[in-house]
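To keep things clear, I will list the structure first and then write my remarks on it.
The values are calculated or read from the model by the stated rules, or taken from the named source; none is laboratory data. If you're wondering where the values come from, they're calculated on a predicted model, not measured in any experiment. Every residue, glycine among them, receives a Cβ derived from its backbone with ideal geometry; neighbour counts consider all protein chains shown. Ligands, DNA and RNA are excluded from the accessible area calculation, which covers all protein heavy atoms including side chains. Shrake-Rupley method; radii C 1.70, N 1.55, O 1.52, S 1.80 Å.
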Amino acid sequence: MRTLNEVPRRLVIAIGGNAVHPEDISGTSDEQKAVAQQTAEALLPLAELDNELVITHGNGPVVGKIMMRQMLTMSRIPPMSMDICVAHSQGGIGYLLMQAIENVLRAHGNGRHVASLLTQVEVDANDPAFANPTKFVGPFFTEQEAQRISAELNWKMREDSGRGWRHVVPSPKPKHVCDISLVDALVKRGTIVIAGGGGGMPVIRDERGVRTGVPAVIDKDLTSAHIANVLGIEELLILTAVPRVAINFGKPDKRELDQVSLAQIKAYHREGHFPPGSMGPKVDAAIRFLEGGGKRAIISHLNCAMAALTGETGTHIVP
């Protein structure tokens with residue numbers, strides 16, 4: 001257990017895509033605003049601290065709907081490329097979160113500013129992920145619906161952890177977060193910075209330094225780990241829909257993990273405990289963060305953010 005005085009003063013918080021657009025909403029503007037409000041209230045205890053705070057967020061449900069919307073209207077409106085779809089989702093979600101967090105702060109008499117930065121993230125043009133799409137985006141479908149959508153839109157569809165079928169797209173690893181110095185400058189001024197939304201807008205850079213968008217959705221947890229490592233932030237808080245990571249999930253001998261070493265979590269991962277469509281990417285990011293110099297990665301429920309930081313809950317992964 002840690003006291004408030006022992007809570008880290010420099011922190012990256014990664015919010016899951018379902019924390020900004022959960023599965024049980026249709027996605028109206030009012031619903032998204034209400035979810036952003038709930039997220040802001042959950043983060044308020046951390047936002048009120050005297051700290052350097054970077055917030056990242058997922059975009060899987062939203063970017064998938066943007067892509068589907070334009071595919072259904074493509075006979076009348078030319079569709080946008082996938083990198084622009086990511087930019088649209090990043091801007092929209094960032095706006096909702098920025099406004100909601102500032103409004104909650106103001107309601108509590110706190111004048112702290114929140115800034116949302118559109119963030120390009122460089123990837124390798126030869127990343128094998130481009131030939132093997134694995135990133136789930138968009139809503140869930142039955143197998144029959146997925147087969148119809150695949151035939152109609154030429155989308156790759158895959159079953160997602162027993163929850164249904166979803167669209168899968170390439171998800172290359174982040175190499176460089178563009179303009180990371182701006183994030184650093186803003187957080188040092190006390191501004192809460194929302195950056196790397198949806199993993200960042202995926203781009204490649206040529207030998208002249210010219211950037212070009214590519215069709216992909218980067219994993220936001222990997223981008224979050226990269227941001228933390230580059231900025232020298234020693235703790236990464238990954239917020240999702242469960243209070244702790246579990247092994248043997250869904251089985252009678254399910255066991256939740258409290259504190260676990262890097263070597264042990266890697267062993268559990270090799271044994272197949274963390275599916276690629278759910279907990280796998282979060283564990284991958286925690287491993288990458290610690291191997292990049294981080295001191296503690298915490299995975300917990302959005303509503304338990306402060307309790308996880310103080311050690312009351314959450315899975316704490318340490319070197």
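All told, VAL217 falls short of being crowded, with 20+ Cβ neighbours inside 10 Å and in a strand (DSSP E or B).
Kindly evaluate ALA146 against the criterion of being surrounded by fewer than 22 Cβ atoms within 10 Å (Cβ to Cβ) and touching a Ser or Thr at 6+ places or on another chain (Cβ under 6 Å).
Working: surrounded by fewer than 22 Cβ atoms within 10 Å (Cβ to Cβ): yes; touching a Ser or Thr at 6+ places or on another chain (Cβ under 6 Å): no.
Taking the combined requirement at face value, the residue does not satisfy it.
Suppose we keep only residues that are in contact with a Pro (Cβ under 9 Å, 6 or more places away or on another chain) and either under 17 Å from ALA14 (Cα atoms) or at pLDDT 85 or above (or both) within segment 53-66. Which one would you say is surrounded by the most Cβ atoms within 10 Å (Cβ to Cβ)?
PRO61
When PRO139, PRO133, PRO128 are screened for being open to solvent by 60 Å² or more (accessible area, probe 1.4 Å) and of a type outside the set (A, V, I, L, M), only PRO128 passes. Under the condition of being open to solvent by 10 Å² or more (accessible area, probe 1.4 Å) and either in contact with a Gly (Cβ under 7 Å, 6 or more places away or on another chain) or not hydrophobic (A, V, I, L, M, F, W, C) (or both), the residues counted in segment 225-253 number 14. When the criteria are applied in full, SER89 meets the requirement of being touching a residue at least 12 places away in the same chain (Cβ under 8 Å), within 26 Å of PRO170 (Cβ to Cβ) and open to solvent by less than 10 Å² (accessible area, probe 1.4 Å).
The residues of segment 149-162 that are more than 19 Å from MET279 (Cβ to Cβ), outside any helix (DSSP H, G or I) and open to solvent by 70 Å² or more (accessible area, probe 1.4 Å), listed by number, are ASN154, LYS156.
Among the conditions (1) open to solvent by 60 Å² or more (accessible area, probe 1.4 Å); (2) in contact (Cβ under 8 Å) with a residue 40 or more places away in the chain, LEU72 misses just one, which is (2).
Out of the residues in segment 119-143 meeting the condition of being polar (S, T, N, Q) and without any contact (Cβ under 8 Å) to a residue 24 or more places away in the chain, tell me which one is farthest from LEU222 (Cα to Cα). Working first, answer last.
So the first thing to find is which residues in segment 119-143 are polar (S, T, N, Q), and the list is 119-120, 126, 132, 134, 142.
Now drop any that are not without any contact (Cβ under 8 Å) to a residue 24 or more places away in the chain, which leaves 126, 142.
Details: ASN126: 18, THR142: 29 Å.
Looking at the filtered set, the residue picked out is THR142.
Just to verify a result, which residue in segment 259-307, among those that are assigned to a strand (DSSP E or B) and under 16 Å from PHE249 (Cβ atoms), is most open to solvent (accessible area, probe 1.4 Å)? Selected residue: HIS301.
Applying a threshold of 6 Å to beta carbon distances and a minimum spacing of six or more residues, or different chains, the list of pairs starting in segment 28-50 at a residue that is touching a residue at least 24 places away in the same chain (Cβ under 8 Å) and ending at one that is among the polar types (S, T, N, Q) and open to solvent by 10 Å² or more (accessible area, probe 1.4 Å) reads ALA42/ASN303; GLU48/ASN110.
So, LEU222, is that one within 21 Å of VAL20 (Cα to Cα) and open to solvent by 10 Å² or more (accessible area, probe 1.4 Å) or not? Let's see the steps before the verdict.
On the way: within 21 Å of VAL20 (Cα to Cα): yes; open to solvent by 10 Å² or more (accessible area, probe 1.4 Å): yes.
When the stated conditions are applied, LEU222 passes them.
Contact map, segment 203-223: residues that are under 23 Å from VAL54 (Cα atoms) and at pLDDT 95 or above paired with residues that are assigned to a strand (DSSP E or B) and open to solvent by 50 Å² or more (accessible area, probe 1.4 Å), Cβ distance under 7 Å, separation 6+ or inter-chain. Pairs shown: VAL203/GLN120; VAL203/ARG211; VAL203/THR212.
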